[in-house]
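The structure appears right after this line, and notes come after that.
The values are calculated or read from the model by the stated rules, or taken from the named source; none is laboratory data. Every value quoted in this text rests on a predicted model; they were computed, and no experiment measured them. Here the Cβ positions follow ideal geometry from the backbone for every residue, glycine too, while neighbour counts run over all protein chains shown.
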Amino acid sequence: MRDYLIKYKHGIITFVIIFIVLYFCFSVLFKSFYFRQISFGNYVDNTYYNTGSCFTGDTPKRSKDSIYFRADAYGHFPKAGIYNITGSFTSAVYLERFSYKSDTLNNGDFVYNNMLCYNSPSYEKTEQKYYLDCLNYETGEREHYLELNCPLNEEPSHAFTLEGNLYFETEQNSDLSNTAVYRYSEKGYEKVLSEDYVGKKYYIDQFYKNYIFLTNVDKLNPDIKTSVITIDKYDVNKKRIVQTFNITANQSMDKEDKYRILLFTDNYAFIEYQNSRTSMRSSILKYNINSGKYEEAFQTNEHFVINAYNDNAFIALEKGSILALSPQGKEFKKISESKVNGISILDDKWLYYEGEDYHLYRILPDGSKTEKVF
């Protein structure tokens, strides 16, 4: 047997090399496109909250007709790259092959007109122009997509989408309290938020649906025990404040407690605070912005991420488990034991997440059904 291996070792090595090359080629060619019937719920643009809802890496992106997902090389070699998942087929829009480009689908970037766009505008010093950049699917490189025409002394700092529309923020001399917001359309750029529109200085807190939540600029780091935080809910279509509400101290809070607003929904603010007497334990509070009442929904010692839409809130724990809270619920209920990288809301029916095996899954909000998407 040994003599046989020695005699034909060159042929065996050649065969192995050819097999590996052919396997790689067929994997790239045939696994980068395949048919599969899958149905989505109604399109939801929850881009802003999806951005902060993962522990590491990227989140899947949603266009009106499909999902864009970055298949990581750890779980998908040799077909690592960015894939477009529609109701009928899945296809690679960009294959990374042997090159890993960490900027191909960063957390916080978004889909606009079926292009993967970067949320940080670029500046061409020679032209003195700002651009919204997108990913070139052929080369994997960043390229200019739209010119962002800004008024004098305003610098675009952040691009994003709300309900499928493209917006960008501008700063004046890096003063965050003077941030303006513009909306882009084929007709040009329209200012939808500025200090002139609201009559006072503000700090942009969060974006949700067609609303921007504004915080009093003098209350950025309040002592929750002695201060009342005033929040303005601003409608970008009506270009005015449609609701003002106060967030007051919870009776159980001490002045040493650490406090932050996680996110807003239609009727609630979700707030985290760490009790100074219980070290790392965090409490997630559900605050009714209409009645001003608190509900203590969940406590944990683990790192977590949270996402929400239509008053439905979801938490992923770093060590494993997905929890859900309905608008009528008083506490978060466990719907999955899976260890996930994050949770994304891409339609009005499913909750999407990247599993421990780097594949994309989705689960119904009540936990009754789980499907592998990619």
Quiz item: Name the strands (runs of 3 or more DSSP E) wholly within the stretch 264-374 that hold at least 1 residues that are of a type in the set (A, V, I, L, M) and touching a residue at least 12 places away in the same chain (Cβ under 8 Å)?
Solution: 268-274, 282-288, 294-300, 304-309, 312-317, 322-325, 333-336, 351-354, 360-363
Practice problem: For the stretch 345-373, name all the residues that are under 18 Å from F332 (Cβ atoms), in contact with a strand residue (DSSP E or B) (Cβ under 7 Å, 6 or more places away or on another chain) and not β-branched (V, I, T). | Solution: L351, Y353, P365, D366, G367
Exercise. Take the residues in the stretch 217-258 that are at pLDDT below 90 and closer than 26 Å to T47 by Cβ, then tell me which one is surrounded by the fewest Cβ atoms within 10 Å (Cβ to Cβ).
Key: L220
Practice problem: Considering only the stretch 283-326, state which residues are touching a Lys or Arg at 6+ places or on another chain (Cβ under 9 Å), among the hydroxyl-bearing types (S, T, Y) and buried (at least 19 other Cβ atoms within 10 Å of the Cβ). | Solution: Y287, Y294, T300, Y309, S321
Quiz item: If a residue has to be surrounded by 15 or more Cβ atoms within 10 Å (Cβ to Cβ) and either within 11 Å of L317 (Cα to Cα) or touching an Asp or Glu at 6+ places or on another chain (Cβ under 6 Å) (or both) to count, how many in the stretch 327-347 make the cut?
Solution: 7
Practice problem: Return the residue satisfying two criteria in turn: it lies in the stretch 353-364 and is over 17 Å from the mean Cα position of the chain (by Cα) and at pLDDT 95 or above, and of such residues it is surrounded by the most Cβ atoms within 10 Å (Cβ to Cβ). | Solution: I363
Self-check item: Positions within the stretch 315-352 being of a type outside the set (A, V, I, L, M), within 16 Å of the chain's Cα centre (by Cα) and more than 22 Å from K209 (Cβ to Cβ), in sequence order
Solution: N341
Self-check item: Residue list for the stretch 283-311, filter: under 20 Å from the mean Cα position of the chain (by Cα) and among the hydroxyl-bearing types (S, T, Y)
Solution: Y309
